[in-house]
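The values are calculated or read from the model by the stated rules, or taken from the named source; none is laboratory data. All figures in this text were calculated on a predicted structure; none of them were measured in a lab. Here Cβ is always computed from backbone atoms with ideal geometry, including for glycine, and neighbour counts include all displayed protein chains. With ligands, DNA and RNA removed, areas are computed over all heavy atoms of the protein, side chains included. Shrake-Rupley method; radii C 1.70, N 1.55, O 1.52, S 1.80 Å.
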Amino acid sequence: MVDRQTEGAVTRLVGLVRARNLLSLFDAADLEANPRSAKVGAVTADIIESIERTPELFPFKTKGILIAAAVCRSLERNRYQLVFENIKIEGILDGGHNTLSIGLYVLKQVMEDVRAWKRIKNWPAFKEAWAEHRDEVAALKKAHPSGDGGPLDFLVPVEILVPADAEDDFVLNAFTGSLLEIGAARNNNVQLTLETKANKKGFYDELRKALPSQIAERVEWKANDGGVVKVRDLVALSWIPLSVVGLPDGVNVPAPSRIYASKGECTKAFDALMSDPEISKPTGGEYTHELHNVAVGSALKVAAQLPELYDLIYLDFPAAYNDNGAGRFGRLTSVKMASDMRSKPTSPFTQKLVQYSYPDGFIMPLVYGLKALMTTDSEGNVVWKVKDPAKFIRDNLTTIVRKYRVIIEAYSGDPQKIGKNEGSYSLALDAFETELLKLSQPA
C-alpha cells in the first residue's frame, strides 16, 4: 500500500518496503545528498539490535528513510523505479544512520570474518564492503524468498520525494531547489553546521578541487564525514588571498586576527561572499551554486597552497625561534616536545613528523604574513610575487622571526594573546615585506 500526496512542486510517496527490495538502493544511492554523513556508533548498534530482536516492530520504531529522485517511473504492483541523475541533490536526504544500520545488518549475515565486519566504521567503508560482498548478498536474497520470514523480510518505512510534474521545467527547478531546505529540516535533531550547508550548496567545490588530494581526502567537508581537518580551518586561511582580490561592495572581509580567533566568523563571511550573485550563480534550480568569478577562483587556488606552507612554517618555526636567541622553544609553557609524548605529533595538514606540538596562535600571524608575497595581475587574479613561496620561507623565516619574536616576548609566550592581537599580524606582515624588499635591491 502506497500513499501518494502532492503539494506544490513536490509529490510524496509513503509506504513500507521489505528489506530485500531495498538492496538495489545500496547499489545506486549514496549519502552525498544527506546533509550529514553516517558513522557507526551507539545509534547504529541500537538499530541493528532492534532489527535482530524485534523485526516485526522495527517499522514502528523508526522514521525510516527519506529519498529524493528527479526521475521516478511507476511500475506494476505499487513498485517504483528511481533514477538518481545528480547525486549531490538526489538520493538519501534523511535516515542515513538507518540506511547504514540496515546495510550493516545485511552484511553481518554474509560476512564470515566478524572482525572485518566490526572494522566498518562509516559509510565509505560500508560501501566498499558492500561492493566486495554483493554476490553473497544476492545469494542470501535468492535463498530466502519473500514471505519466508528470513533475515531480509522485515519492513522499513520509506518516503520518496519526486517532482509533481517532471516534464515541467518550472516545477522541476522548484523541486530541486527545495531539497536542501527539506534535508536540513529533517536533520534538525542535530543542528547542521554552516559548513555542512555551504558544502551542500557547492561553495567549497573549487577549494576542494584545488587542494592536494592527500589533504582534500582528510577534510571533514560535512558533519560526520570522518575527516580530521576541519573545513573551517581551510576557509579561514582562504581569506588571506581573498583579501587581496577586489571583492563586491558590501562583502565583509574578516580582520586578520579573526582567522585565528573566530573561524566561525570567517565561515559566515565566506558563505555570504559565495552567495553574492557577482561571485556565483545558481545551478540545478536554486539548490547548488557554481563559481563564475575568475578572480575569486584564482584566490581559492592560492588558498589551496596555504596548508602546505602553513605546515612548513609549523615545522621550521621552533628552529627559527631558537636560532634567534629568544630562549629554548621547548621551555614555553604551551609547547610539548615530541620526545615527551606517547603518540608522535605531526603537522596539522600534511602529517609530517615534528619535534614540537604547539598551538597555532604562535604562527598564525606568520601565515598571514604570506599575504606580503601575493598580488594581483593585470586581470585582477591573485598571483605570487615570488616564484617559490616555500623557498622564500625556508630562506627567510629565521630573519623574519628575529623581528616577530618581539610579540612573543611582549605576551610572555602566550599563544592566545599572540593570535588574537592585531599587532601580531601587522608586525608579521611588515617582516615579510621587509625581506621581500631586500630581494629587489641590488646586492
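Results, tabulated for the structure shown:
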read-out: Odd one out for K438, checked against (1) touching a residue at least 24 places away in the same chain (Cβ under 8 Å); (2) surrounded by fewer than 19 Cβ atoms within 10 Å (Cβ to Cβ); value: (1)
read-out: Any hit, region 376-386, residues being more than 30 Å from the chain's Cα centre (by Cα) and open to solvent by less than 10 Å² (accessible area, probe 1.4 Å); value: no
read-out: Selection from region 409-443 of residues that are more than 18 Å from Y310 (Cβ to Cβ), among the hydrophobic types (A, V, I, L, M, F, W, C) and either part of a helix (DSSP H, G or I) or under 31 Å from the mean Cα position of the chain (by Cα) (or both); value: A410, L427, L436, L437, L439
read-out: Test: residue in region 70-81 that is surrounded by fewer than 20 Cβ atoms within 10 Å (Cβ to Cβ), modelled with pLDDT of 90 or more and over 23 Å from the mean Cα position of the chain (by Cα); value: no
read-out: Among (1) in a loop (DSSP other than H, G, I, E, B); (2) in contact (Cβ under 8 Å) with a residue 40 or more places away in the chain, the one test that L237 misses; value: (1)
read-out: Any pair with Cβ under 7 angstrom, 6 or more apart, that starts in region 71-88 at a residue that is in contact (Cβ under 8 Å) with a residue 24 or more places away in the chain and ends at one that is open to solvent by 80 Å² or more (accessible area, probe 1.4 Å) and not in a loop (DSSP other than H, G, I, E, B); value: Y80/R73; Y80/S74
read-out: Scan of region 51-69 for residues that are open to solvent by 80 Å² or more (accessible area, probe 1.4 Å) and touching a strand residue (DSSP E or B) at 6+ places or on another chain (Cβ under 7 Å), ordered by number; value: K63
read-out: Y368 vs. criteria open to solvent by less than 40 Å² (accessible area, probe 1.4 Å) and more than 19 Å from L211 (Cβ to Cβ); value: yes
read-out: Selection within region 257-283 - free of Cβ contacts under 8 Å to residues at least 12 places away in the same chain and under 29 Å from I407 (Cα atoms); value: S262, E265
